[in-house]
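A short write-up of the structure that comes next.
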Amino acid sequence: MSPHADFDSLLRNEIGPAPAVQEAFTNANGFADSFSDPQFSCLGNRSHLRYTLEDELHDLVCIGFGPASLAIATALHDAQDGTDASLYLPGLTTHSPKVVFLERQPQFAWHAGMLLPGARMQITFLKDMATLRNPRSVFTFVNYLHANQRLVDFMNLNTFLPQRVEYEDYMRWCAAWFDEVVHYGQEVFSVIPEDGNKGEVTMFKVVSRDLETGKLTARRTRHVVIAAGGRASIPKPFPTNHPRVIHSSQFQQASCELLKDTQYSYKIAVVGNGQSAAEIFDFLHSNYPNSKTRLLIKQGSLRPSDDSPFVNEIFNPSRVDSTFSRTPTLRSSSITQDRNTNYGVVRLNLLERIYETLYMQRIRLGNTASAEETWPHRIMPYRCVEDVQSSPIIKDGVRLVVRDQSPLYLSDVPNSEERTDILDVDAVFVATGYQRDLHELLLKDARYLMPGGDLEGEKWTVQRDYRVAFEEGKVSRDAGVWLQGCCESSHGLSDTLLSILATRGGQIVKSIFDKEGKWDGADGLKYDGLTK
């Protein structure tokens with residue numbers, strides 16, 4: 001691969017001279033801190049991880065600080081704390097690793113656009129950041145409740161499913177422990193391999209841009225974890241930058257800006273047939289009683305998610321091993337078979353509430369086909385949007401050209417044909433999922449390290465421990481890249497979910513810091529008395 005001389009020059013000009021190295025000090029835990037700053041002395045809950053200067057060689061740089069990276073952070077703390085028997089890593093109890101988390105958002109946030117009133121979690125709170133790995137951890141949901149003096153009150157709710165807004169608050173509480181090692185407002189755009197003396201890659205350069213100042217920063221590290229989360233997927237023909245075509249991930253903020261008057265008779269379309277689409281549809285009915293809302297779904301009806309006990313075993317941490325061990329064909333087939341546990345489905349209690357909403361309209365407004373045309377809230381099955389235009393009827397509105405196949409399925413007239421409908425609306429909310437391929441862009445400068453060479457269209461693959469599979473002998477065993485949240489095709493449906501985060505976070509920490517030799521926090525890993 002050609003040298004990055006021009007890029008390095010750009011970085012030097014943008015970043016400026018490296019700051020002076022500050023003297024280390026020893027904290028109460030016996031760890032050597034590389035940076036003493038008064039801004040951290042007032043932190044209430046402070047993890048064992050300590051700030052690392054940008055120009056120092058890092059042990060680990062995590063790209064993204066959502067739930068996946070938060071689980072890694074809590075596992076690192078527990079390993080240093082010595083409270084987790086599954087993470088017996090002596091090096092971490094005597095030396096604090098040089099770790100940083102780079103997050104694009106200005107603060108920790110989890111699905112902020114869908115924290116709707118009353119929305120509940122779809123998994124038990126016991127699948128938190130730590131319990132399945134270490135029930136004694138300070139980062140369990142139960143300890144969060146105790147620390148916030150709500151444990152008894154929560155018990156009185158008699159539920160395993162907290163409201164989503166409380167669970168996000170729990171994760172914010174966990175994240176605050178790591179403020180010293182998290183840099184918010186940092187957009188990472190490249191991970192560049194650096195060759196060592198023997199021609200193999202011994203470290204990586206992670207380049208990020210401060211979204212507020214525009215400053216570029218390059219951090220060198222032995223290990224990289226890419227946990228950047230999903231990017232909003234807005235399929236064609238929907239435009240990706242239209243102010244009135246909004247992805248569900250931005251619903252809460254956008255609805256407050258676009259739909260300011262809760263009593264106004266807005267015309268709104270919701271596209272999608274999963275949990276997010278159903279929640280938005282239900283929210284609009286409850287909060288905009290005079291609006292006219294249309295939920296467009298490709299299928300004939302909304303379908304319930306299967307979260308029965310035996311099916312839920314799909315998301316057991318142990319299932320990852322058996323899933324990864326299957327042949328690619330069998331693995332793909334089983335994942336497809338189980339998709340109704342997570343994709344394009346809705347929890348039964350929400351389906352029942354929406355059905356009751358529609359039923360009450362039948363009572364008030366009539367139960368005939370012509371009466372249904374006047375209902376303020378309708379589910380329109382077998383619909384597919386084929387074109388999006390500016391509305392000539394609604395100021396700044398959107399016109400949807402909709403392919404209507406319902407006559408083929410629902411008409412009692414023989415040989416009925418599909419038709420085209422026109423729908424003019426004030427806003428469209430698109431609940432069509434996420435793309436999880438940002439790692440392909442971030443690793444574009446490492447493609448020469450792919451097994452078999454950089455072939456067009458080739459995708460990165462990972463080993464069982466989520467480590468990227470590089471060409472044999474081209475990357476040092478004391479260096480590597482790990483992927484999180486984008487390995488569903490190899491590790492199963494739980495990969496993008498919260499279910500296995502606690503155990504997976506521990507596995508990542510062990511994969512990085514539990515080597516053949518002993519990690520001593522200073523000179524890397526030592527093998528048979530020799531520094532590698």
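Between ASN312 and GLU373, what is the FRET efficiency for a Förster distance of 41 Å, r being their Cβ-Cβ separation, to the nearest 0.05?
After rounding to 0.05, the efficiency reads 0.50.
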Practice task
Just the number, please: percent antiparallel of the DSSP beta bridges in the chain, rounded to the nearest 5.
Solution key: 55 percent
Exercise for the section: Could you name the lysines whose alpha carbon sits less than 17 Å from that of LYS260, not counting residues in the same chain fewer than 8 places away? Expected result: LYS292, LYS395
Practice task
Report the full-extension gain for the segment LYS236 to ASN287: residue separation times 0.36 nm, less the Cα-Cα distance, to one decimal in nm.
Solution key: 15.4 nm
Fill in the blank from the handout: Note on region 200-316: alpha-carbon gyration tensor, axes a ≥ b ≥ c; rule is a/c under 1.5 for rounded, else prolate if a/b larger than b/c, else oblate; result oblate
Fill in the blank from the handout: Measure of exposure for ILE422: accessible area at 1.4 Å probe, Å² rounded to 10, is 90 Å²
Exercise for the section: Sequence neighbours fewer than 8 away in the same chain don't count; with that in mind, list the lysines whose C-alpha is under 23 Å from LYS205. Expected result: LYS98, LYS215, LYS444, LYS459, LYS474, LYS510, LYS515, LYS526, LYS532
Practice task
Please check which bits of region 283-320 a label hung off ILE123 would reach, taking the label as a point 7 Å along Cα-to-C-beta and the cut-off as backbone N under 13 Å.
Solution key: 312-320
Practice task
For TYR264 paired with GLU456, estimate the spin-label separation in nm (one decimal), with each label point 7 Å from Cα along the Cα-to-Cβ line.
Solution key: 4.9 nm
Completion exercise
Rounded to the nearest 10 Å², the accessible area of LEU497 using a 1.4 Å probe with every protein chain kept is 40 Å²
Exercise for the section: Tell me the label-point distance for the pair ARG339, ASP169, using the 7 Å Cα-to-Cβ offset, in nm and rounded to one decimal. Expected result: 3.7 nm
Handout entry: Longest to shortest principal axis, alpha-carbon extents of region 105-234, angstrom
Key = 61, 35, 28
Fill in the blank from the handout: A chain fully extended from LEU57 to SER411 at 0.36 nm per residue, minus the present Cα-Cα distance, gains in nm 120.7 nm
Exercise for the section: Roll a 1.4 Å probe over the protein chains and send me the accessible area per residue for region 254-375 in Å². Expected result: 56 Å²
Handout entry: Over region 288-339 - Rg/Rh using Cα atoms and the Kirkwood inverse-distance radius
Key = 1.22
Completion exercise
Of 409-419, 499-509, 470-480, ordering from highest average Cβ density within 10 Å down gives 499-509, 470-480, 409-419
Exercise for the section: Might you tell me the accessible area per residue for region 387-503, computed with a 1.4 Å probe and given in Å²? Expected result: 47 Å²
Handout entry: Nearest-20 debye value, region 281-326 charge dipole, Cβ charges on Lys, Arg, Asp, Glu
Key = 360 debye
Handout entry: Probe 1.4 Å - accessible area at LEU70, Å² to nearest ten
Key = 0 Å²
Practice task
Could you tell me what percent of the accessible area of region 343-468 is made up of carbon and sulfur, with a 1.4 Å probe and every protein chain present?
Solution key: 50 percent
Handout entry: Hits among aspartates and glutamates - C-alpha to C-alpha of LYS198 under 17 Å, sequence gap 8 or more where chains match
Key = GLU471, GLU472, ASP478
Problem - Projected area, mean over directions - the chain, Cα convex hull, nm² - result: 29.6 nm²
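The values are calculated or read from the model by the stated rules, or taken from the named source; none is laboratory data. Bear in mind the structure is a predicted one, so any value in this text is a computation, not a measurement. Note that we place each Cβ from the backbone using ideal geometry, even for glycine, and neighbour counts take in every protein chain shown. Side chains included, ligands, DNA and RNA excluded: accessible areas come from the protein's heavy atoms. Shrake-Rupley method; radii C 1.70, N 1.55, O 1.52, S 1.80 Å.
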